[in-house]
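To keep things clear, I will list the structure first and then write my remarks on it.
The values are calculated or read from the model by the stated rules, or taken from the named source; none is laboratory data. Only a predicted model underlies this, so the values are computations on that prediction, with no experimental measurement involved. We place every Cβ from the backbone using ideal geometry, glycine too, and count neighbours over all the protein chains shown. Remember, those area values only see protein heavy atoms, side chains included, never the ligands or the DNA or RNA. Shrake-Rupley method; radii C 1.70, N 1.55, O 1.52, S 1.80 Å.
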Amino acid sequence: MPQFQVEDMTCKHCEATISKAIKELDAQANIAIDLAAHSVSIESAQNEALLEAAIREAGFTPVLVAE
């Protein structure tokens, strides 16, 4: 499961924007967001490059930290 560090995710609106972007890519994705830790973990059929691109297109700067 890819995990991204998203330091510029700072509020609930950011969290919702990222969730929406991922769900548009994969409606079945399971997303776990820890706002305090700026962490986004995603269980998805899509690969991490596509997930990272979706977060970037939403206006954020994700860094892949684990899979």
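Some notes on this structure:
- For the chain, the solvent-accessible area works out to 57 Å² per residue, with a probe of 1.4 Å and every protein chain left in place.
- Among [x] 1.16; [y] 0.99; [z] 0.93, the entry that matches Cα Rg over 2.2 N^0.38 Å as calculated here: [z]
- Extension reserve of the THR17-MET1 stretch, reckoned as 0.36 nm per residue once the Cα distance is removed: 3.8 nm
- Local net charge near THR61, Cβ-Cβ under 14 Å (Lys/Arg +1, Asp/Glu -1): -3
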